[in-house]
Structure formats: structure tokens, C-alpha cells
1. So which lysines pass the test for K41, namely a Cα distance under 20 Å, with those fewer than 8 places away in the same chain ruled out?
2. What accessible surface, in Å², does a 1.4 Å probe find on E80, ignoring ligands, DNA and RNA and rounding to the nearest 10?
3. Could you pull out the GluC sites (Glu not before Pro) across segment 410-503 that fall in loop regions by DSSP (anything but H, G, I, E, B) with no more than 14 other Cβ atoms inside 10 Å?
4. Return a whole-number percent for the relative contact order of segment 296-349, with Cα pairs under 8 Å and 6 or more residues apart as the contact set.
5. Quick one: dipole size for segment 424-538, taken about the Cα centre, charges +1 on Lys/Arg Cβ and -1 on Asp/Glu Cβ, in debye to the nearest 20.
6. Which of the lysines could a cross-linker bridge to K613, judged by Cα under 18 Å and excluding same-chain residues fewer than eight apart?
7. May I ask which residue of L347, L329, G376 lies farthest towards the positive end of the charge dipole of segment 316-386, with charges of +1 (Lys, Arg) and -1 (Asp, Glu) on Cβ and the Cα centre as origin?
8. Might you tell me the accessible area per residue for segment 445-487, computed with a 1.4 Å probe and given in Å²?
Amino acid sequence: MRSFHELIQSPRALRALVAGGGALGLLLIGLLAAPGVVRAKVEAQAQARGLVAEVGSVGVGSAGVWLHQVRVTSPGDDAELRLDAVNIRLWSGAVSASGGSLRGSGDAERLLRKVRGPASAAGGAERGEGRELRLEGLYVRWLGEPARVEAFGVRASRTASELWASADLGRLASERLSIDARGLYLGGSGSQGRRRLGRLESTALELSWRDGEKALPSSEHGPSAPREPSAPDSTASPGWSTRLRELRALVAPLVREGLANDAQLALDGVSARVQRSGETLSFGPSRLSVRREADAVRITLTPSATEAGVTPLALNALVPLTSGSVHALVKGGPVSLSSLGVRVGQLGLRDVRQATLGADGTADFSEDFETVTIDGKLALRGVVVERKELSPEPVGPASFDLALKGSARLDGSVFEVSTGEAHIGELRAELSGRLEEVNERRYLEGRLRVPLSGCQSVLAAMPRGLMPLLKDVKLSGSFGIDLQVRYDKQAPKDTKALLAVQNECRVENVPAELAPQKFAHPFLRTVKAPDGSPLTIDSGPGTSTWVSIDDMSHHLETAVLICEDSRFHAHGGFDFRALEDAIKDDLKAGRFVRGASTVSMQLAKNLYLGQEKTLGRKLQEALLTLLLEQQLDKRRILELYLNVVELGPGLYGVGDAAEYYFATPARALTLGQSLYLASILPNPSFSRFGADGKLNARWLDYLHRLMHIAHKIKRIDEVELQAALEEEIAFRQPGSAGPTLPASDADAPPELEESTPEPR
């Protein structure tokens, strides 16, 4: 039993409906001598087809016969046709109707057989086939299985050689899935009883689910593209596997019945918008071609804009109408992003006319749409972007190549890369691994490898604007990375992070404004004022706030080693063991919870860089750390660090901090006071003192544990430890009022690390 939504798209069914209209014309064009005779003739002809017709009133004029308030029903069927007005031309038999509705449910084909009548079923041309039929302003609602059809503002016309229908809004909906088409137009042509659907247009298509989440945002000219799936959520709407199955179940019957073998349709002006996290990416206008094969539909999407001598970037898909996997192929280019419909400003893109995209790959979806296998290559050229996550200034033009073989589950629970390779200029990276998040299980195993490359070629691969401070820096040596990770939530103790870094880079040439020797004299730097605004201050030897390392308490070095950088004297600026530990902690937490920044890295940030958190800043920080370690000794690095670090809002360097917190010079700081200053470095914006000036109990206990570490690594002896534990650490002096900094009960002490500072 076929449903109405299957039949309404079928040329054969459409033909039968039109034929029924012609038959209705024959019913109505009988004897017109009197309204009663016309009404009786209409009712008799309807009864001969198993229908019941009711006519409100009849009028005869020069334009023919007018029937008003016509109602046609089918006993045994849930169907009703109401027409406000029907006009039948006396000599041509042409029928036109305006206003009304068609409502019903169930077996639409049986109803159509009744409308066609016995003459149609006998074969040959259908009765009334040559007569003109026009409909205007009809509302249609038919409840079928597995979907319902609803159309507003329906208009239709049929002649001997042409058939078309349009609707202001057409809707096809299943239990959860609906497709809305605005400005819908369907056209067909033919002769001698043979008609085919040959034209399909829509000014906007929108696909949505019952939960209200739009899977395909509405577009200006045509079908829209799906958004990227959001993160899995137990309360989220149906996954993409379910959605694609529902879409195929809804559309496949229409194609099977509506398109004959080898039939082809073309839809021009198709545009799409992909929306995610408040950002939009547009595509189109493009040309959508549909070709019906024996048991499948071949779909091709190509940009309408063409470029001379360029192979268009086309998407081809073979979709089975019954069972089987879906095969998609994208190939072509390079084509400009503007020809694909991408607009300036979207995703931060700037010159979309010069930027190009090329692709060559396949995607195979399983029959149930649960999994997809990908094998392809992607090439971007001349891309310029302006995004705050990268750099404060535009980045590019950049070139990027990606080759990937992998598979994934469409619900996002499994993603596997068998081989992946990315190129940015001469820099190459290899990636492989597997990620699983199924129910309570989270598993990750992967490898990232950057083969040994020349340091200067790595620097040259960075696009302009990403590392503006280092544009004139020259490097020598080679660089390579090999990172392997493994994490299983069911066995967290077996978490693995193995990082091998071969860093033989050396700075051979550096602009004078970056040379570390300039910090041996007074210099200006920009910091944050207490209200967060930029503030320029004097710093360096000879300034009022500067404290020589010889004039600092030796406990400050102990405090920094314990709290900030346990291997300061052993590493060359980068603590790869600490980075391994940080990666393990991040894997266990499923998010970034810990960094591995060294004293040298923090100093590079404070001396050269702003406070913005960008990829460019981190990359520049790494090279500037290399520069500081290469040209300064550890003692000088530590002195600079302790004089420039932030220790409170508008408070920079241990000299001012010692006076503010403890009313003492930096050389007189005790172990407890030094540990306090080092312990607040990650977040110096809050006070850990109470209103009476005393350190809160949680922070005091934390400092006592740090004191025991200082004794363990032999930075203090037993007598010094006992004295430190008995010290009362208070703001300025015991009993004085607490600091003006805001307090925070939520600012708990950090967890102590297992690593132990290494001896000098």
C-alpha cells in the first residue's frame, strides 16, 4: 500500500490526478439548461466512480458554468475535497478551480483509481487528457505512512503537453523529521499520456527535527548543508546516523515513484549555510543535478561560478534507493573560495578571491549510516585569516595540505586515523591514533610525529602575522618531535605520555630590539594597572624597584624551585619531563588542567609579549625562551624573573611585593614569606589573608608541606625547618589589618607534584 507522499511526487500519480480533473470536467459539463440539472449530472457522474459530490450553488454565464462550495468525499476513505469555486468553459471543457482544500489519510492510490474512473483503467489515453485544468489557492494535507504532506498556496496547471505545480510552502514530515520547501515548483512535459517530472525548484529548503534543533539551517536559494555535530549529550537530539536514516526513509520512496529510470533533474541556485557556535560558513550558488539509475540516485553538486582553465570542485554521491552503502566523491580544483560562495569575514577569512581549495577524496557510509570511512586529500592555498585565537593581526597568506585515511562513527563516539599527514610550507607532521568515548569508557591512543627538519625551515613555514616579533630572526640546527600517548579511563594508572624532542636550534641572528643584553640596563615595559588598563613602567638595574639577586633572600630561589620550576638548573628552557606529566594529567581530566611552563618561558612572556592567549604568542614564547637560555646564564634569568613577575594587582617584582605584604626588604624575607610569594604566582589577584592579617588555615598548611619539601631536597636543615614551621606568617605584621586585595574562599592551594627539584 503506497502512501500519498509517495504518489504525489510520481508523474504517473500526478497524471492520474490531472486526468481525474478532466473526468471531473466531463462530470460537470453535461446538460447546462438549469442548475438542478447540472447538480444532478455532477452527482451522478461522481456516484459512478464511488464518490459523493455536493454542490452548494450553480451559475451559468458567458464564461461557462460556475459551481460554488463543491464538496467531494469517498465513502470508506478518509478524504475530502472542498473547492470554493469551479468554472467549466462550455465549448473547450477547460476547468479552473480556486480556493479550497484537500484533506485525508490512508491509501491515496485507491482514491486516485476512483477519481480516474473505469475509462482510464481500460488503457489508452485517459478521458479528458487533452483538456486544460487549472487550480489556484489550494491547501493540501494528507496523512500517510511513514510521512504526511502539507502544502499551502498550491497552484497547478495541466494541458495536453505540459504540467506544472507550485506551492508557497510545501512540507514533508515523518514522526521527527520534516522538510520545508518555500517557493516550490515542479514541472513536467510529455504527450500521448506520457509525462515526466522534468523541473524542480525551491527558493529555500529547511530540514528540522521534532526536538526543534535545525539540522540544515535555512538558506536563501536552496538546500542547506548540515552543521557540524555538537558534542555528545545524553539529552541531545537524535544522532546523525538516525537523522540520515530518517531522511533516506522519507525521500527514497519519492524518488522511486517520482523519477523514472534515467530521469534527470537539475536545480540551479542552490546555496547553503553551515552554522556552529555563532559562526557561519556559506556555500553557493551551486548546481544540483539528480539522475535516477536502476536502484540508486546519483547526485552531483558543482559551483555555478566557473573559472577559466580550472577544474570545478564537484561533489558526487551514489545513494541506493533500497539497501547498501552510500559512496561520495569530492574532486577538483584548486578553485577560489569566493567561487564556492564563501564570503569575506566568515571564519575570519579575508581575501577569499585569492585563497583556493582543492580536494580529491572519498567517503563511504555504511548502510545504517553508523560509520563512515574517509580517504582523501585537501589543499588550501593563499589563505589569510584574522582570528583572535591565532594572533592580534591577520595571519597569512598560508598554504596547508592534509592527507587522511580513517574512519568514524557518526555519533562521535569513535574516531580513528590510520594515516594522516599535514604540510605547512616545508613543515611536515604525521598523525595516527584512535579515540573512543562509549558510555563510561574513554580511550585514546595516538602518535604525533614531526620528522627532523631544519630549524630555519620550520620558522619559515609559519605564515606572516603569526610570529611578527621573529620575522627577522635566523636559526640554525635541526628540530623534531615524537609524541606517543595512551589513556584508558578503566586503567588510569597505565596512562602513557612519551615525548621525545630533538632540539638543536640556535639563534644566529636577532634584531637589536630583541637582544637580551638590553635588559642589563633600564628599560620600559607595559604591564597591567590595578584596574586592568595598560601601564608603562620603568624596570631594570638602576630603577627604584629593582633588586639585585645578591640583595635577595636565598629562600626566594628555593621557593621558585619548589613551586614553579623544579628542574630549572637542569633544563635548557623547556622541561619535557614536566610536559609529559602535564599531558598525563590533561588526559585523565579530559581537558587542559595543567601547564608545563618554566621560569625561562614565563620570563620570555613577561619581557617580550602581551597578555593575550594566542597560538602565535605561545610559538614566539618558545623561540624567545631559546634566545634567553642561549645568551643569559641561569642566575641572570632568575634575577630578571624575580624582578618582573606579577605578585598582585599592579604589583611587580619581589622588592615591591616584600614591602607590600610583609613590610620588609627582599633580602630579609623568611622561608615562609618567600614560599608565600612563590605560591601565589599562578594567581596573584586574590588575598590568602584574613581580616586580622593572618594567613588562612588552608594556605598555611600548604606552606608547611612546601617547607618539608625544602628540607627533603636539602635546601634547609632540621633547625631551619623547625623555625619555619613555628613562624607566624601574617600580612605586614601580626595583628595588622588584612590586605586590600579581594579575598576568595574558592582559591584552594594547588596539588603538590611528585617531582623533586634537582641540585645545581
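1. Straight-distance partners of K41: K114.
2. Taking all protein chains as shown, E80 has close to 40 Å².
3. Listed in order of number, the matching sites are E426, E440.
4. It rounds to 34 percent for segment 296-349.
5. 100
6. Result set, ordered by chain and number: K388, K528, K605.
7. Checked the options; the winner is L347.
8. Per-residue value: 46 Å².
The values are calculated or read from the model by the stated rules, or taken from the named source; none is laboratory data. In this text, all values refer to a predicted model and were calculated from it rather than measured experimentally. All Cβ positions, even for glycine, are placed from backbone atoms using ideal geometry, and neighbour counts span all protein chains on display. For accessibility, only protein heavy atoms count, side chains too; no ligands or nucleic acids. Shrake-Rupley method; radii C 1.70, N 1.55, O 1.52, S 1.80 Å.
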